[in-house]
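Chemist: Here it is, the structure in full.
A short reminder: the numbers here are calculations on the coordinates, not readings from a lab. Predicted, not measured: the structure shown is a model, and the values here were computed from it. Backbone-built Cβ (ideal geometry, glycine too); neighbour counts: all protein chains shown.
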Amino acid sequence: MTDASDQWKQWHERRTETVSAPYGPLALTGTYWLEDHPGGRIPAIPGIWTADGDAVVLTAAGTDGLTVDGRPLAGEVRLGADTGPVEGARVALGERRLVVLVREGIWGIRDYDPASAARRAFRGIVATAHDPRWSVPGRFTPYEKSRTVRVPNADGRERGLGLAGELAFTLDGRELTLQVAQDRDGGLWAVFADATSGNGSFRFRFLYPGAPDAEGRTTVDFNRAVLPPCAFADHFVCPFPPPGNTLDLAIAAGERLLRD
């Protein structure tokens, strides 16, 4: 128990460092969908940004101050989606990083600024200390065929959420299930709400159980439930819980809220 508690404390410290890093979620100051800016002009970002099939075309003058791959841009460049760390994004404006993304065929630009107001105001994450009763065995059962359900997102739009199977577990004497996605490394991901959501916890949270073994066994540890990125910045498009993932149980564990 002591080891688990110590490991949780280290995990919580790493989480705090990660979200408050120069290009962590607190640094996001805007997400701009190019379809909303047909002229290619994005507020507070120089250059002209236009979607062109499988890429974004950025046109800029040398005086705009934009750099691509560390070199000043004067002219035109085609950009694919940035899939690595934010600090590695190809386009920069001083210390800011301009991340190219695509969602369901819609291209967008995210503006990360280490000097953001949210990052300066950050005081930490309210999280409940480790309690072993919130960590239980689980069993993952994959669907015969992966499913996509349409769910509202934090930005008010509806998008598809891919689901790979069902995670079953017993908590507080109750048999429960969550619909989960599965990452390329085999790890699971759940978007869930519970009886504390909006009443002592953020309106929904994320959970990342480890990759199941050959028999589908894994650990469901709500001590490591985390706030979604949209808890740190309004400009993320986090999906809301899919049907069946709102648990009729108060899970007073893990990350709960941002500290005032």
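Chemist: Compute the projected area of the convex hull of the Cα atoms of region 85-142, averaged over all viewing directions, and report it in nm² to one decimal place.
Modeler: Reported value for the Cα convex hull: 8.2 nm².
Chemist: Something else about it: Under the rule a/c < 1.5 gives rounded, and otherwise a/b versus b/c splits prolate from oblate, where does region 123-258 land using the Cα gyration tensor?
Modeler: oblate
Chemist: Please arrange Cys238, Cys230 by how many other C-beta atoms lie within 10 Å of their C-beta, fewest to most.
Modeler: Ranking Cys238, Cys230 by Cβ neighbours within 10 Å, fewest first, gives Cys238, Cys230.
Chemist: Could you tell me whether region 24-83 comes out rounded, prolate or oblate from its Cα gyration tensor? Rule is a ≥ b ≥ c as square roots of the eigenvalues, rounded for a/c under 1.5, then prolate if a/b exceeds b/c, otherwise oblate.
Modeler: Rounded, because the longest to shortest axis ratio a/c is under 1.5.
Chemist: If you take the beta carbon distance between Tyr143 and Thr83 as r and set R0 to 30 Å, what does 1/(1 + (r/R0)^6) give as a FRET efficiency, to the nearest 0.05?
Modeler: The calculated FRET efficiency here is 0.70.
Chemist: When the dipole is taken about the Cα centre of region 123-258, and only Lys, Arg (+1) and Asp, Glu (-1) are charged at their Cβ, what size is it in debye, to the nearest 20?
Modeler: Values: 15 positive and 16 negative charges, 53 e Å.
Around 260 debye, computed over region 123-258.
Chemist: FRET efficiency for Arg184 and Leu257, Cβ-Cβ distance as r, R0 = 35 Å, nearest 0.05? Write down the numbers at each step before the final one.
Modeler: Numbers: r = 31 Å, r/R0 = 0.88.
After rounding, the FRET efficiency stands at 0.70.
Chemist: A follow-up question, please. Multiply the residue separation of Asp6 and Val151 by 0.36 nm, subtract the distance between their alpha-carbon atoms, and state the gained length in nm to one decimal.
Modeler: Working: separation 145, 0.36 × 145 = 52.20 nm, distance 3.67 nm.
Extra length from Asp6 to Val151 when fully extended: 48.5 nm.
Chemist: Give me the dipole magnitude in Debye, nearest 20, for region 65-148 about the Cα centre, with unit charges on the beta carbon: positive for Lys and Arg, negative for Asp and Glu.
Modeler: My answer is approximately 260 debye.
Chemist: Still on this structure, please answer the following. Given a Förster distance of 35 angstrom, what is the FRET efficiency for Ala250 paired with Ile106, based on the Cβ-Cβ distance and rounded to 0.05?
Modeler: Once rounded, the FRET efficiency stands at 0.40.
Chemist: A follow-up question, please. On the Cα set of region 75-179, report Rg and Dmax in Å, please.
Modeler: 20.1, 64
Chemist: Along the charge dipole of the chain, Cβ charges K/R +1 and D/E -1, which of Pro114, Trp8, Gly165 sits furthest on the positive end?
Modeler: Of the candidates, Pro114 comes out farthest on the positive side.
Chemist: Follow-up question, since we're still on this one. Taking Cα atoms, how many degrees apart are the long axis of helix 2-19 and the longest axis of the chain, rounded to 10 and kept between 0 and 90?
Modeler: Tilt of helix 2-19: around 20 degrees.
Chemist: Compute the convex hull volume of the Cα atoms of the chain, divide it by the residue count, and report the result per residue in Å³ as a whole number.
Modeler: About 142 Å³ per residue, rounded to a whole number.
Chemist: Let me know the charge dipole size of region 184-260 about its Cα centre in debye, to the nearest 20, where only the beta-carbon of Lys, Arg (+1) and Asp, Glu (-1) is charged.
Modeler: For this selection, approximately 120 debye.
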